[in-house]
Amino acid sequence: MFFFRPKKIIFKGRSGLIFKPNKNESYYIDSEMLNGKYDIVIYIDSIRKQPKNIELSLDKKNEISQLLLQELKNQGLKFIVR
């Protein structure tokens, strides 16, 4: 029997991603895929809670960004934070 981990990061084409740190939370984050030294640029100020596009406090954005950056590292992606 195989068990699959749910995807925590869903890339929305060349720009934007959905980050799901757990099954009850979902965040939209502006990003751009890159070709070169880095794989992706993440715009931390753009983090919004889904599905209602709720603006977050700076502390919550920092908390979510740390979880996201750790997951990107786990997936072997090189990133820039803006």
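The values are calculated or read from the model by the stated rules, or taken from the named source; none is laboratory data. It should be emphasised that the depicted structure is a prediction, and the values quoted were computed from it without experimental measurement. FYI the Cβ positions are ideal-geometry reconstructions off the backbone, even for glycines, and counts take in every protein chain you see.
Assorted remarks:
- For region 46-77, residues that are in contact with a Lys or Arg (Cβ under 7 Å, 6 or more places away or on another chain) and either surrounded by fewer than 14 Cβ atoms within 10 Å (Cβ to Cβ) or under 15 Å from residue 16 (Cα atoms) (or both) total 3.
- In summary, residue 28 fulfils each of the numbered conditions (1) at pLDDT 95 or above; (2) under 18 Å from residue 81 (Cβ atoms); (3) over 11 Å from the mean Cα position of the chain (by Cα); (4) not hydrophobic (A, V, I, L, M, F, W, C) with the single exception of condition (3).
- Scope region 48-82; condition free of Cβ contacts under 8 Å to residues at least 24 places away in the same chain and under 16 Å from residue 12 (Cα atoms); matching residues: 48
- Residue that is nearest to residue 13 (Cα to Cα), among those in region 28-47 that are among the hydroxyl-bearing types (Ser, Thr, Tyr) and out of contact with any Ser or Thr (no Cβ under 7 Å at 6 or more places or on another chain): 28
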